[in-house]
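The values are calculated or read from the model by the stated rules, or taken from the named source; none is laboratory data. Since this is a predicted model, take the numbers as computed values, not measurements. These area figures cover heavy atoms from the full protein model, side chains too; ligands, DNA and RNA do not enter into them. Shrake-Rupley method; radii C 1.70, N 1.55, O 1.52, S 1.80 Å.
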Amino acid sequence: MTYNPEIHHRKSNRLPGYDYTQKGLYFVTLCTSGRECLFGDVDNGQMIMNGMGKVVAKEWIKTGEIRANVELDEWVIMPNHFHAIVGITDGVCPHRRGDLRSPLLAPTGPLSKSIGAIMAGFKSAVTRQVNVMRQTPGLPVWQRNYWDHVIRDEEDFNRIREYIQTNPLRWELDALHREST
């Protein structure tokens, strides 16, 4: 089915007018498609990753290594979702996407070096490898979008960091727990 704005109304959770390429800290959450528990299980408050969970960990670490403008902070892989604090340290992109394209072509996808571009690359790399492991080419691993929050101050940062660190301890009560969905 082709996207039709008259019948398909997708509400963005991005801050209107906010430049997601600028320096700052962002809290992101990605959920698996259908909230399927793909990445392991929580046992006694500790996340035990399976092979697919290890792919997520490897690709997240790689995200910080291959992108000079990205700094990784606290993160956790859960059975059916992923939380992380990611920093953009050099969010000013001298060549906006539109500057590199023909003026006749409409820009598509997220701006280079933005949180959207970072998350798209990460999700794509994980999806490719997980689908090879599952022998399910083309099957979605992640939900279509992701949730983000611009971290505004040190109190916000500390609260989110503690939330990420204690997420496995609260798994049974988590709204994303398979029993809760």
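Numbers below:
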{"read-out": "Region 28-69 - accessible surface per residue (Å², probe 1.4 Å)", "value": "50 Å²"}
{"read-out": "Probe 1.4 Å, accessible area per residue of region 127-177, Å²", "value": "67 Å²"}
